[in-house]
1. Restricting to bridges with both residues inside chain B, how much of the DSSP beta-bridge set is antiparallel, in percent to the nearest 5?
2. Averaged over A:228-240, how many beta carbons belonging to a partner chain fall within 10 Å of each residue's beta carbon?
3. Between segment B:165-219 and segment A:76-149, what is the separation of their alpha carbon centroids in Å?
4. Taking a ≥ b ≥ c as the square roots of the eigenvalues of the Cα gyration tensor of segment A:260-360, is the shape rounded (a/c under 1.5), prolate (a/b larger than b/c) or oblate?
5. Assign unit charges at the C-beta atoms only (+1 for Lys and Arg, -1 for Asp and Glu), then state the dipole size of segment A:148-199 relative to its Cα centre in Debye, rounded to the nearest 20.
6. Given a 1.4 Å probe and every protein chain left where it sits, what share in percent of the accessible area of chain B is carbon and sulfur?
7. Karplus couplings for segment B:228-239 from phi (6.51 cos²θ - 1.76 cosθ + 1.60, θ = phi - 60°), rounded to Hz, Gly and Pro as x?
8. Can you sort A:Arg182, A:Arg253, B:Arg159, B:Arg222 by 1.4 Å-probe accessible area, starting with the largest?
Amino acid sequence: MNDVADRSPGATEAEAGLAGAASAVAEFQPRRRTLLDHIQHVLHNNPTLVPVIVLALSLVAFGIIAGERFFSPFNLSLIMQQVSIIGMLAAAQSLIILTAGIDLSVAAIMVLMSVVMGNLAVNMGVPTPIAIVAGFAGGAAAGLLNGVLITRVKLPPFITTLGTWNVFFALNLWLSGAQSIRSQDIDEKAPLLKFFGESIQLGGAKITFGVILMVLMFLALWYMLNHTAWGRHVYAVGDDPEAAELSGIRTERVLLSVYTLAGFLCALAGWAAIGRVGSISPQSFYEGNLQSITAVVIGGISLFGGRGSILGALFGALIVGVFQSGLRIAGVDVLWQVFAIGWLIIIAVAIDQWIRRVSA
Amino acid sequence: MSTKDVPLVQARGLVKRFGHVVAIDHSDFELRHGEILAVIGDNGAGKSSIVKAICGALQPDEGEILIEGKPVHFSSPIEAREMGIEIVYQTLALSPALSIADNMFTGRELRRPGFLGKWLRMLDKPAMERFAREKLNELGLMTVQSIRQPVETLSGGQRQGVAVARAAAFATKFIIMDEPTAALGVKESRRVLELIKDVRARGIAIVLISHNMPHVFEVADRIHIHRLGRRLCTIDPKDYTMSDAVAFMTGAKTPEVADAA
Ligand SMILES: Nc1ncnc2c1ncn2[C@@H]1O[C@H](COP(=O)(O)OP(=O)(O)OP(=O)(O)O)[C@@H](O)[C@H]1O
Ligand SMILES: [Mg+2]
């Protein structure tokens, strides 16, 4: 704050000195920058660069370590299939993390909605399209519930979704009676539920509709985030909610729309998961919540909100898939896969912290 | 009575409490058509609070606000903005990670014409960037490298320039500027003062909060002196000296009449 005392009436006299001033308003002394400063700047402007480089390097590394078998079209398309469901959850999770939130319930919503679809279509004989739409509506409603608790009741996202994760998981066990719906029953009564397990053959590669759905989901969200007002508002809300509100954004509405959309995307992932897994198991994807957060973080999206590109989450999910596949083919014990992913998370967050410091 | 006789803004008996702190204590406020009204007062006197109450960023606990004679109850700054009221916040209210162009248009983005804009809701980035560059050039306030650069990469003064340009570009009724030159250099401050006069010449009124007495006395038509949460008096800068004004706002002297202007 300015003090009156140090603003003497001389301030206007001082302006007389402007007469001979250069007319260029701001001239920058090109500060000497080290190579490291440069890298920091480039990464700051291109947040997806780190995951892209890591993905490329790990592809090369595993190509060398695990050889031909890793680089076969079959194996690469298998990685895509293995990544697809967590990738979709990561897309939903990215939206929420961009608003500086977190959603621990994404996988619970997904599994609950595949159980809802299966129960209606297989066990109760509801026409499959109606069962699917009911699942979508349920997913959106579950997301909206999170959003309402966070914006209206003003609970922190972490606690809210920790709570709803348990609630959704319990509902899921209750609805399913802790029983799986068998693959044959689905084939017989509601084959449409397995739509995303269908595939097209391209050379040696098997591209499932689920993989295509995941890629389309990321592209659509990328478009929405970068080329619509809604997307700009998502970033603004995550960046500085108070400034966003003052500069004319209805922050509550933006948050509600983000949580609702994320819930819907989880339900869509739930449908795709039936095709991927074949059966509907209430116990599946129990670690999906944390795996989705892992992909987002490795993808360079800041947990503090407002920074990063959604495509980063796709690369993050692929990096995890590549590590798991490469280490498995190289014959490394599963425990070391877990070990490696753990370090990836820590390094990714450390890099994010370092990049964020550039803005001073 | 013609509409010009009705003040542009008239607020009576405004009260705003934050817990035990009374930020606005039964204060009045008046802004007339086409004038530059300076608001001065000590730190914490409640200047920012009262202007926020007027533009909808704060909801007063008591009191009434009339704009052109009609009572208003803004529940958010968006509603004030729809009436052509703009404010440069003391905190600027910019989104650091978004570009200059994005910041100028937050909440009122332009969309592409035709199918892209209507159905795909695609932003018209080229148009917004062109407009933003034009407005910044008009203000002559800065030579930024790129209109796409994130606001966090700008200096404090450049950021203030973006906030001022945003308000000046969209206001049609009046603009509130809460210490718009606090972070600016001598030359840049001069530009903002010229801008303020230009805006008035367009018939738009201005509320200028400032601690800089020479600036205040140079541009203001009237000066509202705020003290301990309320308007102490309004004075005409031609009738008083800067030291009188400072004496009033610090409580060293008491004005003989509450409304001397
Ligand atoms: N959101 C808030 N919560 C609690 N107290 C607040 C809040 N906003 C303002 N206040 C209090 O209200 C009083 C007036 O603050 P205000 O910001 O309006 O002063 P000001 O005149 O603008 O001061 P300055 O010259 O420092 O900008 C202060 O005592 C401040 O602590
Ligand atoms: Mg203030």
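The values are calculated or read from the model by the stated rules, or taken from the named source; none is laboratory data. Since we're looking at a predicted model, the values are computed, not measured. FYI the Cβ positions are ideal-geometry reconstructions off the backbone, even for glycines, and counts take in every protein chain you see. For accessibility, only protein heavy atoms count, side chains too; no ligands or nucleic acids. Shrake-Rupley method; radii C 1.70, N 1.55, O 1.52, S 1.80 Å.
1. On the way: 21 of 39 bridges.
DSSP beta bridges in chain B are roughly 55 percent antiparallel.
2. Working: counts 7, 11, 3, 2, 10, 6, 0, 4, 9, 1, 2, 8, 7.
Counting other chains' Cβ atoms within 10 Å and averaging over A:228-240 gives 5.
3. For segment B:165-219 versus segment A:76-149, the Cα centre distance is 52 Å.
4. Oblate.
5. Here segment A:148-199 has a charge dipole of around 360 debye.
6. 52 percent
7. With coefficients 6.51, -1.76 and 1.60, one gets 6, x, 9, 6, 7, 6, 10, 10, 9, x, 6, 9 Hz.
8. Listed by decreasing accessible area, they come as A:Arg253, A:Arg182, B:Arg159, B:Arg222.
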